[in-house]
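Chemist: Sending over a structure as structure tokens; questions will come in a sec.
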Amino acid sequence: MDMDNNGEAGCLDPELLQLNEVSPLAIKSNPYVAEKLFEQWLSLPETTPLVKSLVNNAKAGVPLNVPGSTNSPKATSSSSIPSMFPAGSTPPLSPRSSSGSGSPRVTKHRAGPSVLGSPLRLLSEPAKELIPQFYFQNGRPPPNELKERCLLQCNQYFYGHMEGLQLHEFKPITKEICKLPSFFSTALYKKIDVNGTGVTRDAFVEYWVHSNMLTKDIATQIFTILKQPELRYLTHEDFKPILRELLASHPGLEFLQNTPEFQERYAETVIYRIFYYVNRGGNGRLTLRELKRGNLIAAMLHADEEEDINKVLRYFSYEHFYVIYCKFWELDTDHDFLIDKENLIRYGNHALTYRIVDRIFSQVPRKFTSKVEGKMGYEDFVYFILSEEDKSSEPSLEYWFKCIDLDGNGAVTRNEMQFFYEEQLHRMECMAQEPVLFEDILCQIVDMVGPKDEGYFTLGDLKGSKLSGSVFNILFNLNKFMAYESRDPFLIRQERENPTLTEWDRFAHREYIRLSMEEDAEDASNGSADVWDESLEAPF
């Protein structure tokens with residue numbers, strides 16, 4: 001009897017045959033055994049009528065859904081296929097004929113179990129699992145509900161403006177629809193209105209909705225709006241438009257509108273502070289990754305909501321700018337906006353040693369932006385004062401670590417620390433202070449830092465200690481070293497009451513009060529002198 005060899009491939013599992021006479025291992029290792037068993041089954045008298053009946057039924061299109069059943073009168077007398085094996089056992093499925101005709105297994109698609117109720121396990125391709133798209137070149141498209149809500153708001157704000165919105169009308173779009181700080185309005189407007197004809201509804205929808213800006217996180221939105229199209233990072237210039245709008249619109253900065261020079265200095269200071277803390281690469285190229293990891297976005301949103309700009313301690317406080325600028329102005333005696341070594345050595349009432357000032361001017365911690373040899377510019381001073389007055393921050397730790405790591409091998413040894421402390425020791429002796437020997441200081445530093453290897457400490461060791469800032473003060477800032485040795489309990493209690501304030505915040509607050517009091521006293525003395533002069537001149 002010829003059987004069809006085309007169609008689905010079958011796999012015979014010997015375990016399912018349940019043959020006591022034949023070992024399953026024998027069938028697995030020797031396919032010839034299975035073939036002989038099948039030939040014996042075909043030779044049984046009941047097999048031939050059964051197979052012919054099944055073939056005829058298949059040709060006639062009669063459904064064969066019940067295993068072992070058939071419409072043939074000869075087959076109805078038995079509910080199972082004739083077997084030469086003991087009751088309860090099941091023979092293997094018949095292989096297909098090579099003639100290609102009439103086999104119930106010719107069809108490749110089977111909706112139900114085997115016609116003969118065979119326990120064969122058919123090998124078929126696994127069902128393909130549909131994996132949803134997870135990468136979108138231009139960002140994930142917005143969900144329909146979010147998109148419809150945004151379009152509805154667009155219709156409301158652009159209603160009656162067929163020609164588009166002008167710049168002064170665009171701020172509600174920035175704040176209410178885009179959920180961005182209001183001082184991003186000009187930058188966003190110019191990003192959309194490339195031709196200078198105004199922003200229409202369609203142009204806004206194309207940029208904000210269809211280009212999937214709507215679904216991006218706020219850091220990515222701000223990064224995309226500010227950066228130049230051909231670059232993959234932000235520069236100092238990219239922040240100037242939003243700071244100009246902040247100066248023009250923020251109620252806490254209105255008093256600067258008549259002094260454009262100080263507006264420019266304020267904007268520069270804010271930008272320098274942003275890059276000092278956020279641009280951890282220190283290359284002047286602020287990446288999206290750095291923007292997301294920093295706290296700049298939160299500070300921008302805070303500045304947009306807070307009317308008192310001085311309460312925005314991160315980056316935007318005017319009082320902080322005032323302190324930085326005045327400290328620079330005090331040192332810049334010739335007011336050429338440059339300071340040299342002799343100017344910087346006077347900082348903090350001659351607090352720093354000559355050796356550390358030499359390291360700063362050797363540009364080891366940071367290359368100067370000043371184009372004049374041996375001179376520090378305003379931007380360089382901003383980096384210096386932020387590092388000097390808050391030695392607990394990571395940028396500060398990196399700044400000063402580079403200074404004291406004389407050989408630049410990433411490890412500060414005993415000899416390097418002793419090199420800087422020698423000048424401190426000499427200054428203590430000149431001031432009739434009881435000197436503290438270096439051996440004692442070294443033990444104290446090891447206890448403060450807790451390095452993995454007591455022979456040296458690394459930048460990682462410093463970042464893992466809360467007392468690292470005091471280590472630098474011990475080595476090259478005598479005033480802060482003496483203050484640390486005789487800590488004021490009142491200041492300690494203040495620090496505990498306001499743990500969110502940084503060392504820089506506390507310093508800037510103290511200095512602003514001092515500077516404002518000095519200015520008030522100077523104004524008062526000038527005013528009394530004017531009155532006195534008028535009284536003297538009156539009789540004449």
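Chemist: Below 13 angstrom from the Cβ of residue 397, what's the summed charge of the other residues (Lys, Arg +1; Asp, Glu -1)? Display every interim value, and only then the final one.
Modeler: Working: positive: 280, 391, 402, 463, 466; negative: 388, 390, 394, 398, 405, 461, 503.
For residues surrounding residue 397, the net value is -2.
Chemist: How many Å³ per residue does the convex hull of the Cα positions in segment 298-393 occupy?
Modeler: Here the figure is 123 Å³ per residue.
Chemist: Please name which of 266, 251, 278 has its Cα lying farthest along the dipole of segment 247-318 towards the positive end, using unit charges on Cβ (Lys, Arg +1; Asp, Glu -1) and the Cα centre as origin.
Modeler: Positive-end residue among those listed: 278.
Chemist: Where nothing but the Cβ of Lys and Arg (+1) and of Asp and Glu (-1) is charged, how large is the charge dipole of segment 144-253 around its Cα centre, in debye to the nearest 20?
Modeler: 240
Chemist: Quantify, in whole percent, the carbon and sulfur part of the accessible surface of segment 317-475 (1.4 Å probe; protein heavy atoms only).
Modeler: Using a 1.4 Å probe with all protein chains present, segment 317-475 comes out at 50 percent carbon and sulfur.
Chemist: Right, next: Just to confirm, what accessible area per residue do you get for segment 354-412 at 1.4 Å probe, in whole Å²?
Modeler: 37
Chemist: Multiplying the sequence separation of residue 486 and residue 146 by 0.36 nm and subtracting their Cα-Cα distance, what value in nm do you get?
Modeler: The residue 486-residue 146 span can extend by a further 116.4 nm.
Chemist: Which one of 395, 370, 411 has its Cα pushed farthest toward the positive end of the charge dipole of segment 323-417, where Lys and Arg give +1 and Asp and Glu give -1 at the Cβ?
Modeler: 411
Chemist: Would you calculate the volume per residue, in Å³, of the smallest convex hull containing every Cα atom of segment 388-486?
Modeler: Normalising the Cα hull of segment 388-486 by residue number yields 93 Å³.
Chemist: If I ignore ligands, DNA and RNA and count only protein heavy atoms, how much of residue 520 is accessible to a 1.4 Å probe, in Å² to the nearest 10?
Modeler: So the heavy atoms of residue 520 present about 100 Å² to solvent.
Chemist: Same structure again: What does the charge add up to near residue 443, with Lys and Arg as +1, Asp and Glu as -1, over the other residues with Cβ less than 13 Å from its Cβ?
Modeler: Neighbour charge sum, excluding residue 443 itself: -3.
Chemist: Could you give the size of the charge dipole of segment 315-425 about its Cα centre, using +1 on the Cβ of each K and R and -1 on the Cβ of each D and E, expressed in debye and rounded to the nearest 20?
Modeler: Roughly 180 debye for segment 315-425.
Chemist: Among 181, 195, 159, which residue has its Cα positioned farthest towards the positive end of the charge dipole of segment 129-195, with +1 placed on the Cβ of Lys and Arg, -1 on the Cβ of Asp and Glu, and the dipole taken about the Cα centre?
Modeler: 181
Chemist: While we're looking at this one, here's another question. If you wrap a convex hull around the alpha carbons of segment 211-360, what volume per residue comes out, as a whole number of Å³?
Modeler: Looking at segment 211-360, the number lands at 147 Å³ per residue.
Chemist: Taking R0 as 45 Å, what FRET efficiency do you get between residue 333 and residue 415 from their Cβ-Cβ distance, rounded to the nearest 0.05?
Modeler: 0.80
Chemist: While we're on this one: Using the crude model of +1 on Lys and Arg Cβ and -1 on Asp and Glu Cβ, and no other charge, please compute the dipole size for segment 401-464 relative to its Cα centre, in debye to 20.
Modeler: 280
Chemist: Given labels modelled 7 Å from the Cα in the Cβ direction, how far is it in nm from residue 283 to residue 128?
Modeler: 4.3
Chemist: Report residue 226's accessible area, 1.4 Å probe, all protein chains in place, as a number in Å² to the nearest 10.
Modeler: Surface accessible to solvent at residue 226 totals approximately 10 Å².
Chemist: Just the C-alpha atoms of segment 163-265: what Rg/Rh do they give, with Rh taken as the Kirkwood radius?
Modeler: Ratio of gyration radius to Kirkwood radius for segment 163-265: 0.98.
Chemist: Sort 178, 430 from largest to smallest accessible area, using a 1.4 Å probe on the heavy atoms of the protein chains.
Modeler: Accessible-area ranking of 178, 430, largest first: 430, 178.
The values are calculated or read from the model by the stated rules, or taken from the named source; none is laboratory data. On a predicted model such as this, the values are computed, not experimentally measured, just so you know. Positions of Cβ are generated from backbone atoms using ideal geometry, with glycine treated the same way; all protein chains shown enter the neighbour counts. What goes into the accessible areas is simple: the full protein's heavy atoms, side chains included, and nothing from ligands, DNA or RNA. Shrake-Rupley method; radii C 1.70, N 1.55, O 1.52, S 1.80 Å.
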